[in-house]
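Student: Dropping the structure in here first, questions after.
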Amino acid sequence: MKMMSSSPNEEQLDVENSKLDKDKERTPRSARVVKVHNQALLSGLAYCFSSCGMILVNKFVLSSYDFNAGISLMLYQNLISVVIVSVLSILGLVSTEPLTWRLIKVWLPVNVIFVGMLVTSMFSLKYINVAMVTVLKNVTNVITALGEMYLFKKHHDGRVWAALFLMIISAITGGLTDLSFNAIGYAWQTLNCFLTASYSLTLRRVMDTAKQVTKSGNLNEFSMVLLNNTLSLPLGCFLIVVFNEVDYLLSTPLLRLPSFWLVMTFSGILGLAISFTSMWFLHQTGATTYSLVGSLNKIPLSVAGILLFKVPTSLENSASIFFGLLAGVFFARAKIRERSQS
């Protein structure tokens, strides 16, 4: 998931990482030390930079440039991802599955949710400041946990539910004390939370079915990036027409600015970089470190969003945001403990 704080493919990456952990155990101790000191730190910094940078650059394009075509921005970013991954695949640097009709038919329903998730995220980010978007995204965890309980009969321990309760409280208090409150933005973000949770809940089931129709019997991260972004292009074009962004694109002077195209292209590269760096970081460290860093990463992101975009705030709102960020860290730790016990 591009601008999101955590990758939607986290579960698949955890599975791949468990295999790598076994390989690490057989690696000589001296080799492991060199690898951790260099690769883990570098991959962690790259992951934090790309995930923070993606949201901040998108906010800059939508708000500072006042670009009123969020779907077009999404479409351009996805096109960049398709081009880069395709070139890397042709050069033999990455491995991707061929896009067959059988695979497309299996993946299309989840791709519709994926596009809806990206579009609503763009719309909400235009109206809501970065810090509040980060806190409100915590509601996704609540919806996902409820979905897992009712759909898959998965039970969570008390610590997880306590963290989810704190997330709800922080989201409510944050909204009530938000000096730049925008009802339209909050409506889009609420819809985004439901779509993101739906994507997470359906992804695993669709992945299992999709693997059965691939030639290799597997579906790696690069194949998913190529598949999701390629299928999103025709749907994105359709939404541009539905939301009447064509007239805006033909009249806006922003598209005649080289600097604007440079920023948009950079945002597309960052979006793809999240997929690469998240997988790299997870493979170099592990699910525990990955989850904790992902939660802690929201703190500097929120602070940077407030300072860079000069967001009007109050002591009450700042406390609610900080409370929500801590709840996210608490949730990550509770999930790690729950995973280790199971």
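The values are calculated or read from the model by the stated rules, or taken from the named source; none is laboratory data. Quick caveat, the model's predicted, so the values are computed rather than measured. Cβ atoms come from the backbone with ideal geometry, glycine included; neighbour counts cover every protein chain shown. For the accessible areas, the whole protein counts, side chains as well, though only heavy atoms, and no ligand, DNA or RNA atoms are used. Shrake-Rupley method; radii C 1.70, N 1.55, O 1.52, S 1.80 Å.
Student: With the Cα gyration tensor of the range 210-342 giving a ≥ b ≥ c as the square roots of its eigenvalues, does the rule (a/c under 1.5 for rounded; else a/b larger than b/c for prolate; else oblate) give rounded, prolate or oblate?
Tutor: Since a/c reaches 1.5 but b/c is at least a/b, the shape of the range 210-342 is classed as oblate.
Student: Taking amide H atoms as placed 1.01 Å from N in the peptide plane, list the residues 5 or more away in sequence, or in a different chain, whose amide H sits under 5 Å from that of Val94.
Tutor: Close amide H contacts, sequence-distant or interchain: Ser89.
Student: Still on this structure, please answer the following. Rounded to the nearest 0.05, what FRET efficiency do Ile269 and Ser216 have when you use their Cβ-Cβ distance and R0 = 35 Å?
Tutor: It comes to 0.80.
Student: Could you sort the peptides 248-261, 228-241, 84-97 by per-residue average Cβ neighbour count (10 Å cutoff), highest mean leading?
Tutor: 228-241, 84-97, 248-261
Student: Length gain on complete extension for the stretch Thr289 to Gln39, per 0.36 nm per residue less the alpha carbon to alpha carbon distance?
Tutor: Difference between extended and current length: 88.6 nm.
Student: By the gyration tensor of its Cα atoms, with a ≥ b ≥ c the square roots of the eigenvalues, what is the shape of the range 111-176: rounded for a/c under 1.5, prolate for a/b over b/c, or oblate?
Tutor: Note, shape of the range 111-176 comes out oblate.
Student: Under Stokes-Einstein, with the Kirkwood radius over Cα pairs standing in for Rh, what whole-number D in µm²/s applies to the range 152-226 at 25 °C and 0.890 mPa s?
Tutor: The calculation lands on 155 µm²/s.
Student: Taking a ≥ b ≥ c as the square roots of the Cα gyration tensor eigenvalues, with a/c under 1.5 meaning rounded and otherwise prolate when a/b beats b/c, else oblate, which class fits the range 273-338?
Tutor: Because a/c hits 1.5 or more and a/b fails to exceed b/c, the range 273-338 counts as oblate.
Student: What size of dipole, in debye to the nearest 20, comes out for the range 292-342 about its Cα centre when the only charges are +1 on Lys and Arg C-beta atoms and -1 on Asp and Glu C-beta atoms?
Tutor: That gives the range 292-342 a dipole magnitude of about 200 debye.
Student: Please give the solvent-accessible surface of Val142 in Å², to the nearest 10, using a probe radius of 1.4 Å with every protein chain present.
Tutor: Accessible surface of Val142 is approximately 20 Å².
Student: Run lengths n ≥ 4 of DSSP H only: what is the helix-derived mean residue ellipticity at 222 nm for the chain, with -39500 (n - 2.57) per run over all residues, to the nearest 500?
Tutor: Calculated at 222 nm, the ellipticity per residue is -26000 deg cm²/dmol.
Student: Given the options Leu227, Val263, His155, identify the residue whose Cα lies farthest towards the positive end of the charge dipole of the chain (+1 on Cβ of Lys, Arg; -1 on Cβ of Asp, Glu).
Tutor: His155
Student: Points 7 angstrom from Cα along the Cβ direction at Arg339 and Leu179: gap in nanometres?
Tutor: Between Arg339 and Leu179, the label points sit 3.9 nm apart.
Student: Same structure again: Hydropathy at least -0.5 by Kyte-Doolittle, axial extent at least 24 angstrom from the Cα trace: which helices of the chain, defined as entire DSSP H runs, fit?
Tutor: 41-59, 70-90, 101-127, 158-176, 183-212, 221-242, 258-284, 315-341
Student: Run the simple label-point estimate for Arg204 and His156 please: 7 Å along Cα→C-beta, distance reported in nm.
Tutor: That separation, rounded to one decimal, is 1.3 nm.
Student: Now for a separate question. Hey, could you get me the Stokes-Einstein D for the chain, Kirkwood radius over alpha-carbon pairs, 25 °C and 0.890 mPa s, rounded to whole µm² s⁻¹?
Tutor: Estimated via Stokes-Einstein, D reaches 118 µm²/s.
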